[in-house]
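As C-alpha cells, the structure follows; a few thoughts come after it.
The values are calculated or read from the model by the stated rules, or taken from the named source; none is laboratory data. Remember, it's a predicted structure, so these values are computed and weren't measured experimentally. Ideal geometry is used to build each Cβ from the backbone, glycine not excepted, and the neighbour counts take in all protein chains shown. Ligands, DNA and RNA are excluded from the accessible area calculation, which covers all protein heavy atoms including side chains. Shrake-Rupley method; radii C 1.70, N 1.55, O 1.52, S 1.80 Å.
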Amino acid sequence: MEYRRVGNSGLVVSELSFGAGTFGGAGELFGAWGDTDVTQARRIVDVCLEAGITLFDTADVYSAGASEEVLGAAIEGRRDDVLISTKASLPMGDGPSDHGSSRSRLIGAVERALTRLRTDRIDLFQLHAYDSSTPIDEVLSTLDLLQQQGKIRYTGVSNFSGWQLMKSLGIADHQRYSRYVAHQVYYSLVGRDYEWELMPLAADEGVGAIVWSPLGWGRLTGRIRRGEPLPEGSRLHATADAGPPVDDELLFDIVDALSDIAAETGHTVAQVALNWLLRRPTVSSVIVGARNEQQLRDNLGAVGWRLDAEQIARLDAVSVREAPYPYFPYHRQEGFARLNPPMV
C-alpha cells in the first residue's frame, strides 16, 4: 500500500480507502448498498488495517446515520490507527433544517456525527453537495470555527462543479479561512468527465481527488459482459437510475480491453480498472467498497503492481470520449493544444 498527501495539505492517506456505505443497511437509495452489521464491520476493518488502508469514508445520509454508527463501533479501541472521513449537506429529513450547509445545519451535523462515530474529531469533513441557498462565506466561516475547536481537522467537498469549488477557494483565500484540501469525485474508465475541468483545477489549486465509484457503479467488475444478461444478485437492477449513466457500447468496449489486460497481468478486471485510476494525476485515494471479505480482498489486489505504459495507453484509447465545449478545441487543434497540453 502506498501513502499520498491529499492535495497540498499535510493529510496523508492510503492510496485505497474503504467506503462504509455498505454498513447499516437502512433506507432505500443510500441504504441499498449493503447491510453489514458491527461484527462483520469489525472483520472488514481488521482486513483493511492489515492491508494498510487507513482512511474510512462514510456520510450522515448513508443508512440514515447507521453507517456512521456501525463504523464507530467497528473502530472502537483503535481510533488512532484510522482516519475518518464523513460528509453532510444532503437531506436527512423533511424539515427546513434537515438539509444544506447553513451554520446551524453544519454544527448540528458535526455534533451528531461525532456521537455516532464515538470519537472527538473527524479527520476529513466534506460537504456532500453544493448548497446554493447558503452564502459561501457562512459555510467557510462555520467550517473554520469547527476546525479551531478541534472537531474537524481538514475540510473538503464532494460533487462540486469547477466554478463552485474555485469560488469557494477564492473566498477562503480572501477571508483567510482554511481551504478545502479534497474533492470527492466520480471518476472511472466509464466516466472520465473529471478530467476536463476539475482535474486541471485540482492540480493548479492543490486539491486532492478522493474517487468514489471507481468501478463505474459496479459495471467494471467483469461480471457484466456484452450480449449477456445482468448477473444474478447485481445491484444495477435497483440502483442504475440513481448512478452515472453509461453508454452500453462504451462499457462493453472497455470491459473487452480490461479482460485482455487482466489475462496478460494475471489480475482481475476490477483490479486492472482500479490500478488504472491509481496512476491518474491528482488522485489521492480511491474508495473501494465491499459487502463481504471476499470482495474486499479482491479489491486489495489492485495495489502492489503497475500496468505498463502500453496497457495504460490501450485503456486510455478505448475509454476516451470527445471533450465538451469549450474544451474540445484544446484537444483537436494544434495551436490550442500547444497552449494547454492535456494532463493525461
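Among the residues of the range 76-84, are any in contact with a strand residue (DSSP E or B) (Cβ under 6 Å, 6 or more places away or on another chain), within 26 Å of GLY206 (Cα to Cα) and open to solvent by less than 20 Å² (accessible area, probe 1.4 Å)? Checked against the condition, which is being in contact with a strand residue (DSSP E or B) (Cβ under 6 Å, 6 or more places away or on another chain), within 26 Å of GLY206 (Cα to Cα) and open to solvent by less than 20 Å² (accessible area, probe 1.4 Å), the range 76-84 yields at least one hit. When the range 304-327 is limited to residues that are among the acidic types (Asp, Glu) and either open to solvent by 70 Å² or more (accessible area, probe 1.4 Å) or assigned to a loop (DSSP other than H, G, I, E, B) (or both), the one that is modelled with the lowest pLDDT turns out to be GLU322. Of the residues making up the range 9-55, those that are open to solvent by 30 Å² or more (accessible area, probe 1.4 Å), under 26 Å from GLY304 (Cβ atoms) and in contact with a Lys or Arg (Cβ under 8 Å, 6 or more places away or on another chain) are VAL12, LEU49. Among the criteria (1) more than 18 Å from ARG306 (Cα to Cα); (2) modelled with pLDDT of 95 or more, the one THR268 does not fulfil is (1). Pairing each residue of the range 290-302 that is open to solvent by less than 20 Å² (accessible area, probe 1.4 Å) with any residue that is at pLDDT below 95 and part of a helix (DSSP H, G or I), provided the two are 6+ apart or on different chains, yields C-beta distances under 9 Å for ALA290/THR22. Within the range 208-224, can one find any residue that is among the hydroxyl-bearing types (Ser, Thr, Tyr), at pLDDT below 85 and open to solvent by 10 Å² or more (accessible area, probe 1.4 Å)? Scanning the range 208-224, I find no residue that is among the hydroxyl-bearing types (Ser, Thr, Tyr), at pLDDT below 85 and open to solvent by 10 Å² or more (accessible area, probe 1.4 Å), so the answer is no.
Please find, among ALA59, ALA66, ALA113, ALA41, the residue that is outside any helix (DSSP H, G or I) and either farther than 29 Å from ASN292 by Cα or within 22 Å of the chain's Cα centre (by Cα) (or both).
Just one listed residue meets the conditions, ALA59.
No other residue among VAL61, VAL6 is surrounded by 15 or more Cβ atoms within 10 Å (Cβ to Cβ) and more than 22 Å from TRP217 (Cα to Cα) apart from VAL6. Every residue in the range 168-203 that is over 28 Å from LEU278 (Cα atoms), assigned to a helix (DSSP H, G or I) and open to solvent by 30 Å² or more (accessible area, probe 1.4 Å), please. Once the filter is applied, which keeps residues that are over 28 Å from LEU278 (Cα atoms), assigned to a helix (DSSP H, G or I) and open to solvent by 30 Å² or more (accessible area, probe 1.4 Å), the range 168-203 yields GLY170, ILE171, ASP173, HIS174, GLN175. Evaluate the range 93-100: report whether one residue or more is at positive phi, buried (at least 21 other Cβ atoms within 10 Å of the Cβ) and out of contact with any strand residue (DSSP E or B) (no Cβ under 8 Å at 6 or more places or on another chain). Yes, the range 93-100 contains at least one residue that is at positive phi, buried (at least 21 other Cβ atoms within 10 Å of the Cβ) and out of contact with any strand residue (DSSP E or B) (no Cβ under 8 Å at 6 or more places or on another chain). Remark: LEU140 matches the filter, which requires a residue to be out of contact with any strand residue (DSSP E or B) (no Cβ under 8 Å at 6 or more places or on another chain) and either open to solvent by less than 10 Å² (accessible area, probe 1.4 Å) or outside any loop (DSSP other than H, G, I, E, B) (or both). Which residues, counting only those in the range 161-189, are touching an Asp or Glu at 6+ places or on another chain (Cβ under 6 Å) and not aliphatic (A, V, I, L, M)? Once the filter is applied, which keeps residues that are touching an Asp or Glu at 6+ places or on another chain (Cβ under 6 Å) and not aliphatic (A, V, I, L, M), the range 161-189 yields GLY162, TYR177, SER178.
If I ask for residues that are within 16 Å of ARG226 (Cα to Cα) and open to solvent by 20 Å² or more (accessible area, probe 1.4 Å), which ones from the range 258-282 would you list?
Matches in the range 258-282: SER259, ASP260.
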